[in-house]
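The values are calculated or read from the model by the stated rules, or taken from the named source; none is laboratory data. Predicted model only: the values in this text are computed from it and were never measured. Note that each Cβ is placed from the backbone with ideal geometry, even for glycine, and that neighbours are counted across all protein chains shown.
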Amino acid sequence: MSPPEPTQLQLTAALGAAVARLRHDDHELQQTTERVVVARLMIYLDQELGLLPNPRGFRLDMEYERAGTDPKAFAGRGPNGPFPRKIVPDLIYHQRLGGEEYANHLAIEVKARPNRREDHDLAKLALLTGRAPYAFALFSPNTLRLPDPSDPPAPPPDRHVVVLPPQMRPYTFGAFLRLYRDHDFIEWV
């Protein structure tokens, strides 16, 4: 089965148009919280995505935290045993309650201004798309970090590690939006 439409090129155009409209019509929101910015972006992006082919009936949701009927959480383990780690992407474009292949189409993380936690969001997207097999969970500060090239292929048992749970289908695409940049604000993961 091939990945469904819309394609990455179509998604890029939709994201670009939504961000352009956000910057033009709501530039004063840049001084508010990221959640306010994401909520307004969602309105514009939903309109742009509505113009694209959508044979699977994908829906755009904000901070959607369900995987089927269960809470969405990474599988995790640490020196003291297993632990779940909640997953809440800023925006997702998906089939609600869908568990089949390609039901999760696009996960989006947004940064409205420069922030030290960008590596956390990039690691989350890499896990959600299946492009990284695991990430280290750091609890102080509460972030995720992808392995360095020098790390072993399997995570050491004495580290806190998170992985995509086996029952959760990866997202086809992951987009990291740096809204504080005028150009090259989309990074595909």
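Before we move on, is Val88 of a type in the set (Val, Ile, Thr) and at pLDDT below 95? Walk me through how you get there before you give the answer.
Working: of a type in the set (Val, Ile, Thr): yes; at pLDDT below 95: yes.
Yes.
Would you please name the residue that is nearest to Leu179 (Cα to Cα), looking only at residues in segment 59-73 that are assigned to a strand (DSSP E or B) and modelled with pLDDT of 80 or more?
The initial filter retains those residues of segment 59-73 that are assigned to a strand (DSSP E or B), namely 59-62, 66-67, 70-71, 73.
In the following step, the residues that additionally are modelled with pLDDT of 80 or more were identified as 59-62, 73.
Details: Arg59: 22, Leu60: 19, Asp61: 19, Met62: 17, Ala73: 27 Å.
Per the criteria, the residue is Met62.
Using beta carbons and a limit of 9 Å, which pairs, at least six apart or on different chains, have the first residue in segment 46-59 and within 12 Å of Gln10 (Cα to Cα) and the second one aromatic (Phe, Trp, Tyr) and assigned to a loop (DSSP other than H, G, I, E, B)?
Sorted first by the residue in segment 46-59, then by its partner, the pairs are Leu49/Phe58.
Filter segment 138-189 for residues that are closer than 16 Å to Arg116 by Cβ and surrounded by 16 or more Cβ atoms within 10 Å (Cβ to Cβ) and give the result.
Result: Thr143, Leu144, Leu146, Phe176, Arg178.
Report, by residue number, each residue of segment 6-35 that is of a type in the set (Asp, Glu) and either closer than 28 Å to Tyr102 by Cβ or in a helix (DSSP H, G or I) (or both). I'd like the intermediate steps shown before the answer.
Here is the first cut: in segment 6-35, the residues of a type in the set (Asp, Glu) are 25-26, 28, 34.
Answer for segment 6-35, where residues must be of a type in the set (Asp, Glu) and either closer than 28 Å to Tyr102 by Cβ or in a helix (DSSP H, G or I) (or both): Asp25, Glu28, Glu34.
For Thr143, which of the numbered conditions (1) in contact with a helix residue (DSSP H, G or I) (Cβ under 6 Å, 6 or more places away or on another chain); (2) assigned to a loop (DSSP other than H, G, I, E, B); (3) within 27 Å of Gln30 (Cβ to Cβ) fails to hold?
Of everything listed in (1) in contact with a helix residue (DSSP H, G or I) (Cβ under 6 Å, 6 or more places away or on another chain); (2) assigned to a loop (DSSP other than H, G, I, E, B); (3) within 27 Å of Gln30 (Cβ to Cβ), Thr143 misses just condition (2).
Conditions (1) within 18 Å of the chain's Cα centre (by Cα); (2) at positive phi; (3) outside any helix (DSSP H, G or I), marked per residue:
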| residue | (1), (2), (3) |
| --- | --- |
| Val37 | yes, no, no |
| Met42 | yes, no, no |
| Gly57 | no, yes, yes |
| Arg85 | yes, no, yes |
| Pro89 | yes, no, yes |
| Leu97 | yes, yes, yes |
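For segment 94-139, what are the residues that are hydroxyl-bearing (Ser, Thr, Tyr) and closer than 23 Å to Ala14 by Cβ? Please lay out each step first, then the result.
Within segment 94-139, the first condition is being hydroxyl-bearing (Ser, Thr, Tyr), and the residues that meet it are 102, 129, 134.
Once the filter is applied, which keeps residues that are hydroxyl-bearing (Ser, Thr, Tyr) and closer than 23 Å to Ala14 by Cβ, segment 94-139 yields Tyr102, Thr129.
Which residue, of Arg35, Arg40, Arg66, Arg59, is over 28 Å from Leu164 (Cβ atoms) and not β-branched (Val, Ile, Thr)? Walk me through how you get there before you give the answer.
On the way: Arg35 fails: over 28 Å from Leu164 (Cβ atoms); Arg66 fails: over 28 Å from Leu164 (Cβ atoms); Arg59 fails: over 28 Å from Leu164 (Cβ atoms).
So the residue among Arg35, Arg40, Arg66, Arg59 that is over 28 Å from Leu164 (Cβ atoms) and not β-branched (Val, Ile, Thr) is Arg40.
With the checklist (1) farther than 30 Å from Gln31 by Cβ; (2) part of a loop (DSSP other than H, G, I, E, B) in hand, flag the one item Gly76 doesn't pass.
If we test Gly76 against (1) farther than 30 Å from Gln31 by Cβ; (2) part of a loop (DSSP other than H, G, I, E, B), just (2) comes out false.
Quick one: Tyr64 ticks every box in (1) touching a helix residue (DSSP H, G or I) at 6+ places or on another chain (Cβ under 9 Å); (2) under 26 Å from Ala13 (Cα atoms) except a single one, so which number is it?
(1)
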